[in-house]
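Just below is one structure, and these are the notes that go with it.
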Amino acid sequence: MRKLGSRRKEEKKQKRKQLIVGVVLASILFVSIFGYSFGRGGNAKKNKIIYNGYEFVEQNGFWFTEIGNFEFSFRYNPNEIKQIDSDLNFLESYYEKPLYISSDDIESESEIYRNLMYQNSIIQRMQLACLEGEECANDELPIKTCDDNFIIIRESDVTEVVQEDNCVFIRGEAEELAKITDAFLLKIIGVQ
């Protein structure tokens, strides 16, 4: 049986971690919005590339492309990203449904939030959750299965994006997770 004091310390540590993650996410979103708002129409030199027939324009450190009525932004130029060979559900399978996420990388989590929720309102909502059968650091998070749309982002020595039912597992080295997440997004929107 664990001591009450250590559980209290653990809960305090978890709440502090959540607060830090929340502040970082809010800061990233604020800076993105601010930069995006003032960067549009400016006289700054814009880099443009064509990738698989889609035009990508670099602005304020992001690469933007328009597909239909949606505008997507990526941290990395599509030419810097390795293609994903896995079969993945396309964007339509996420439309107006909740998306659950469990992530070891805040930047990757932000990429998904910005593209699927904030900029485009494709998903109904995005919520942190724990995958059934895995250890959950926060007892307050819901436990979900692969019956739900669930993205799990983990640090790993193996680089891969794998779909099992409605779960997508994005794995890779810590410094590569954002690139792998961008590759995942490019794949589900039909650019790759």
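So here's what we get for this one:
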read-out: Histogram of C-alpha separations across region 4-188, 10 Å bin width, %; value: 8, 34, 36, 16, 4, 1
read-out: Positive-pole candidate from Thr65, Gln163, Tyr118, dipole of region 4-188, charges at beta carbon; value: Tyr118
read-out: Histogram of C-alpha separations across region 53-134, 5 Å bin width, %; value: 3, 12, 19, 25, 23, 12, 4, 2, 0
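Laboratory data are not the source of any read-out in this text; all were calculated from the coordinates shown. Only a predicted model underlies this, so the values are computations on that prediction, with no experimental measurement involved. Don't worry about glycine lacking a Cβ; one is built from the backbone with ideal geometry, like all the others, and counts go over all protein chains shown.
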